[in-house]
Amino acid sequence: MPKAPAAPAPQPEPATYEAALQELEQLVARIESGQLPLDQMLAGYQRGAELLQLCRARLEAVQEQIRVLDEGALQPWNEP
């Protein structure tokens, strides 16, 4: 009886938003090329979903920080 393939080890989270975005762009290009075997395409799609979620979460965190600053933590600078 054939064994089911072992689940791939989780890949490390990119250190920065830019690194995650770059990896996502490269992954999309490989998937869109149509050159990947089906199992690699599925793994790539799953990784892409993880990267997309990571990018969205980081953007939302930055947007929240900006919103807090815009609500009064920073005052407009006026020349004397």
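For the reader, a short list of remarks on this structure follows.
- The stretch 38-80, subset more than 9 Å from the chain's Cα centre (by Cα) and polar (S, T, N, Q), residue modelled with the highest pLDDT: GLN46
- Pair list, Cβ < 9 Å and 6+ apart or interchain, from the stretch 53-66 residues that are closer than 15 Å to ALA20 by Cα to residues that are exposed (fewer than 11 other Cβ atoms within 10 Å of the Cβ) and not acidic (Asp, Glu): ARG58/THR16
- Matching residues, the stretch 29-45, being assigned to a helix (DSSP H, G or I), surrounded by 11 or more Cβ atoms within 10 Å (Cβ to Cβ) and not small (Gly, Ala, Ser): ARG30, ILE31, GLN40, MET41, LEU42, TYR45
The values are calculated or read from the model by the stated rules, or taken from the named source; none is laboratory data. Worth saying up front: this structure is predicted, and the values here are computed from it rather than measured. As a convention, Cβ positions derive from the backbone with ideal geometry for all residues, glycine included, and neighbour counts pool all protein chains shown.
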